[in-house]
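Here the structure comes first, spelled out in structure tokens, and everything after it is commentary.
Any read-out appearing in this document is the output of simple, stated calculations on the displayed coordinates, not a laboratory observation. What you see is a predicted model, and the numbers here were worked out from it, not measured in a lab. Backbone-built Cβ (ideal geometry, glycine too); neighbour counts: all protein chains shown.
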Amino acid sequence: MTKVEYKNRKYTVEPYNPDWKRRFEIEAEKLRPIFSDKAISIEHIGSTAVPGLAGKPTIDILITVEKIEIADELSEKIESFGYKALGDYINQDSRLFVKEENNTRLVNLHIFEKSHPHVKEMIDLRNYFRS
């Protein structure tokens, strides 16, 4: 696992920005060819996925796969799109990739097995806030 340095990382909370949805869609389109038929779903999660909700302007993407080893097999391709692999940083049996620019986190890419209990929690939380 890569050590993450937070000392210089910039954080902001901003009013909802309708552009967050478009940023998710652009990023998802870049990731689809990498995962091809190995991605069961690609979801926009987190505060940027909830219209009207203020949040950190970091796009959170959840990709579910059959087996977590798929993320490891695709790691090099994912990193070629500007992501840094952080391993099972968020939850055991998951993978986190991040995209940053000038010490600002742009994207968190979460990869989980479809049956992982945290998947339902993330989707349910997003759906709760959307309703």
Problem - Difference of contour (0.36 nm per residue) and Cα-Cα distance, residue 92 to residue 54 - result: 10.8 nm
Practice task
Starting with the highest mean, order 62-73, 79-90 by the number of other Cβ atoms within 10 Å, averaged over the residues of each peptide.
Solution key: 62-73, 79-90
Exercise for the section: Would you pull out the residues with amide H under 5 Å of residue 56's amide H, same chain only if 5 or more places away, H placed 1.01 Å from N? Expected result: 14
Handout entry: Antiparallel DSSP beta bridges within the stretch 12-131, as percent of all bridges there, nearest 5
Key = 70 percent
Exercise for the section: Name the aspartates and glutamates eligible as straight-distance cross-link partners of residue 10: C-alpha to C-alpha under 15 Å, and not fewer than 8 places from it in the same chain. Expected result: 100, 101
Fill in the blank from the handout: When all Cα-Cα pair distances of the chain are considered, the percent exceeding 21 Å is 38 percent
Handout entry: Set of aspartates and glutamates near residue 114 by C-alpha distance (under 13 Å), chain-local residues within fewer than 8 positions excluded
Key = 43, 66, 69, 93
Completion exercise
Residue separation between residue 21 and residue 103 times 0.36 nm, minus their alpha-carbon distance, gives in nm 27.3 nm
Exercise for the section: State the extension gain, in nm to one decimal, for the chain segment bounded by residue 12 and residue 29, taking 0.36 nm per residue of separation less the distance between their alpha-carbons. Expected result: 3.5 nm
Practice task
Enumerate the lysines that residue 77 could reach by cross-link, defined here as Cα to Cα under 19 Å, with residues fewer than 8 away along the same chain left out.
Solution key: 30, 38, 67, 99
Fill in the blank from the handout: Restricted to the stretch 59-121, the DSSP antiparallel beta bridge percent, nearest 5, is 60 percent
